[in-house]
1. I'd like the trypsin sites (Lys or Arg not before Pro) in segment 64-133 restricted to DSSP loop residues with at most 10 other Cβ atoms within 10 Å, sorted by number.
2. In whole Hz, what ³J(HN,Hα) sequence does segment 251-260 give by Karplus (6.51, -1.76, 1.60; θ = phi - 60°), x for Gly and Pro?
3. Please give me, ordered by residue number, the trypsin sites (Lys or Arg not before Pro) of segment 141-207 that lie in loop per DSSP and have at most 16 other Cβ atoms within 10 Å.
4. Just to check I understand the Karplus step: with θ = phi - 60° and J = 6.51 cos²θ - 1.76 cosθ + 1.60, what whole-Hz values come out for segment 380-385, glycine and proline as x?
5. Given Cβ point charges of +1 (Lys, Arg) and -1 (Asp, Glu) and nothing else, what value in debye, to the nearest 20, does the dipole of the chain about its Cα centre take?
6. Output the relative contact order of the chain, whole-number percent, from Cα pairs under 8 angstrom with separation of 6+ residues.
7. Antiparallel versus total DSSP beta bridges in the chain: what percent is that, nearest 5?
8. At what distance in nm do the modelled label points of Lys249 and Phe389 sit from each other, each positioned 7 Å from its Cα along Cα→Cβ?
Amino acid sequence: MSDLALSTEILTAIREVYGVSEGVVPLHVPVFDGNEKTYVIDTIDSTFVSSVGAYVGRLEEMMCKITGARHAIATVNGTTALQMAMILAGVKPGDMVVTQSLSFVATANAAAHAGAVTAFVDIDAATLGLCPKALRSFLETQAVQSDGGTHHRDSGRRIGAVVPMHTFGNPCDLDGLLTVCEEWNIPLIEDAAESLGSLYRGRPCGTFGLMGTVSFNGNKIVTTGGGGVILTNDSAIAKRAKHLTTTAKLPHAWRFTHDEIGYNFRMPNLNAALGCAQLEQLDRFVAFKRDLAARYHARFSDMGIEFVVEPPGTQSNYWLCAILLSDTTQRNAVLETTNAAGVMTRPVWDPVHQLEMYRHAPHGPMPVTSDIAARLVNIPSGFRPNAGF
């Protein structure tokens, strides 16, 4: 079959499964058919639209209930949440943070904002997240342990954190990663930006490491417009997180006293109001996406096309569904055909270690990253009210 013929079949399959026979099919857009308007208007009427307001605390309480984390600290976006998590984990300027190259650039940018240098490790083909074996190999060949911690052998930089990212909502091999991190005495911080509602061995992603961070960007499964959250079970970390993200201001009825350099990273109440209404619908959103993924999986399996499925022992929120094609030429043909017809499909991100600003960063071999980046296509995955399935 020619690439054009296959692309046309894939276009037809997407429209059939997604239930939109003509017109534009977006990749992922937010749906506001719950209490969003009610809560946002309530916030406006209260005049408390910035970081002081009832909905900020309510959103944090909801996130604790949803994830089981003891503490949740709301921030202005997922990148600032991850940056702050690294700082709270003890990452200092000049340290090194190890993460995966197949990720949205914000993962590496958060480390750069914290003053760290990023090193990249390959992903696991089964999870599309950081590979424990590749991490172990990187540390065994490029790191050394001492009383002062684990250091990168060539540069002498202390490795301050390992940051796996749960790609498209599919959980990483957390057991394997935690084992390696414990052996090398390196904190693990989960970049759970895409995985709210996903479970690893029955437990929510973002609650396994020292901290986890979630994004509420407009394209995520739940949105606050722009926002994020830090999850942790450590009370001391949570207290310091709230202090630092609120410009390190000491509590007082009228005085403005700050005891260190802080960050203006707290989520505005207006955004939190939107997020509370969205979080009320999380189970509904996840159920739809899992049903959609099952339908896609069945349809593409019949066509002999590989659909990216959740790893064993996990439950993915299927934030973005994806297929894997035979090569880059076939991938590009599918992208051109579908987008020309108004069906929005996208390739995965360019591997971060290939971007200009990270091109000279240390990294291990990247065979799986290169292979997946050349063949993967994300397909329409957004929630559709009244879709009939």
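Bear in mind these aren't lab numbers, they're just calculated from the coordinates by the rules spelled out. Since this is a predicted model, take the numbers as computed values, not measurements. Note that we place each Cβ from the backbone using ideal geometry, even for glycine, and neighbour counts take in every protein chain shown.
1. When the trypsin sites (Lys or Arg not before Pro) of segment 64-133 are filtered for loop state and at most 10 Cβ neighbours within 10 Å, nothing remains.
2. Each residue of segment 251-260 in turn: x, 6, 5, 9, 7, 10, 10, 10, 9, 6 Hz.
3. Arg153, Arg201
4. In residue order, the calculated couplings are x, 9, x, 5, 10, x Hz.
5. 840 debye
6. 26 percent
7. The antiparallel fraction comes to roughly 65 percent.
8. 5.0 nm
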